[in-house]
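Only one structure is covered here, and it is reproduced in the block below.
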Amino acid sequence: MTTTSEVDTGTAYGRPKPSYNARLREVGPGTPMGEALRRYWHPIASSETLIAGALPQKTRVLGEDLVVFRDGQGNPGVVIERCTHRGASLFYGRVEDDGIRCCYHGWKFDVQGRCIEQACEPGLGRKRDAARQPWYPVGERYGLVFVYMGPPELKPELPRYDALENPAEDEKYFASWPVPHAAVTGMPADFSWLNLYENSADPSHVTWLHSAHSGYQMKGTGTFGYPENFFDPATIAERLTYERTDHGLKQTQRLEVEGENGEVVELGFTMEQLLPNVFGLPDFVTVAPDKRQDQLLWVVPSDDTSHRLFFSIRTNDPQRMVDFAVGITQNGKQNHELTDEERQTFPGDAEAQGSQGAITLDSEETLATQDRGVVALRRMLLTIVDDVEAGRDPINIIRDASEVHHTHAGLFTLGKRPAGDDAGAPAAAGV
């Protein structure tokens, strides 16, 4: 006799307790992914908004509470928030010409954590050299302030990317979010960094979430605008290819448009991940092929269940920066302008990614063909963990300061053929 409990009824009753892959998704000190991510440089603030002598900024990176400041001489510093004296928060400290001074007893530390004054001690602290505020190395590039939180003896060079190198004379770096609720320390979100970073390896979501579900959210202009078949869910699988690169992973959506002389132009719309947490997008605002890429984004884990998103864009047009940063709209509004009902009616990236949960529950997923990029990205991230545990440098650790990462994201002309030639695009490839 078959009992009810032995039949797969499809109901939710009795399902196993949901779980996630801690090796992949936890980022605190001592965790496998946390230690792997600590081998890299991460943005922690924008250069423009970290003003010399101004109030310090508080943030959280890889599960650690940090304070970011720029002393009166212009040197950026990153220290642990808790003062090494009695534990008061240096967020309430006073930034001076040569360091930051704790509000509680006036101990002052320079940007490398050295105690240079103990205000209430004889002789300003005759043994002050014995006290050192925990600190991290800082670098600055592309309008961003970066921090390195790993083993000092293994500190790599701060990476360079060809998309952001060699700005024209009239170009500058923009790296501050032009929206009201974005802090100096990046655009915050209360869910795992991987919810967003995996999204960058998932081009098929553009076809549905940003189009078919509740209307077009990407308003492309330029040479072609968006071709009609760009948002066709019935053909997206056959138009996608996936490829590993020297620095990570890229996905290309193939499109066909009519050229100026009536020929068929094949375009490639390429998104790219530069491990462990950098990604590049095509210019989805001004849709014109074969432009030099001019932007990158970094997804920086605050802890297991929150993150901040940073970007840098190289341009001579401030409006280009604004259009890029807020180029996806929902019902004609930005996310922070939507009512709760509008978020439900016109969901976008924040709603989809945030609703996956503070951490994606791997045991609850049902992966399919469209998730090939996500699966490949997860495997490559776990390889980084394996490399670090084996004592090897993981991918994209830079030891040569002259090395420049070549980036692949963008809209490219892949080929042309006469009108009426039905050669077609190649089939999608796996990774």
Any idea what Rg and Dmax come out to for the range 92-226 if you just take the C-alpha atoms, in Å?
-> 22.8, 72
When the scattering of the range 1-97 is computed by the Debye formula from its Cα atoms alone, each counted once and equally, what is log10 I(q)/I(0) at q = 0.24 Å⁻¹?
-> -1.19
If each of S402 and R417 carries a label point 7 Å out from its Cα toward its Cβ, how far apart are those two points in nm?
-> 4.4 nm
Rounded to a whole number, what % of the accessible area of the chain do carbon and sulfur atoms account for, probe 1.4 Å?
-> 49 percent
Ignoring everything but the protein chains, give the 1.4 Å probe accessible area of C102 in square angstrom, nearest 10.
-> 10 Å²
Interchain or long-range residues, amide H under 5 Å from R141's placed H = F146
For W135, the residues 5 or more places away or on another chain with a placed amide H closer than 5 Å to its own amide H are I80
At 20 °C and 1.002 mPa s, the Stokes-Einstein diffusion coefficient in µm²/s for the range 207-324, with hydrodynamic radius from the Kirkwood sum on alpha carbon pairs, is 133 µm²/s
Dimensionless Rg/Rh of the chain, both radii on Cα and Rh by Kirkwood, sits at 1.02
Using Cα atoms only, what is the angle between the long axis of helix 372-389 and the major principal axis of the chain, expressed in degrees (0 to 90) to the nearest 10?
-> 30 degrees
Within the range 290-397, which trypsin sites (Lys or Arg not before Pro) sit in a loop by DSSP and count at most 16 neighbouring Cβ atoms inside 10 Å?
-> K291, R292, R392
Provide E171, E157 ordered by accessible surface of protein heavy atoms (probe 1.4 Å), highest first.
-> E157, E171
Any idea how many Lys pairs in the chain come in under 21 angstrom at the alpha carbon, given 8 or more places apart or on separate chains?
-> 7
Tell me what the chain gives for mean residue ellipticity at 222 nm when only DSSP H runs of n ≥ 4 count, each as -39,500 (n - 2.57), the sum divided by the residue total, rounded to 500 deg cm²/dmol.
-> -3500 deg cm²/dmol
Stretch Q344-A237 to full length: gain in nm at 0.36 nm per residue minus the Cα-Cα span?
-> 35.8 nm
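The values are calculated or read from the model by the stated rules, or taken from the named source; none is laboratory data. Everything quoted here is computed from the prediction, not taken from an experiment. FYI the Cβ positions are ideal-geometry reconstructions off the backbone, even for glycines, and counts take in every protein chain you see. Quick note on the areas: whole protein, heavy atoms, side chains included, nothing else; ligands and nucleic acids left out. Shrake-Rupley method; radii C 1.70, N 1.55, O 1.52, S 1.80 Å.
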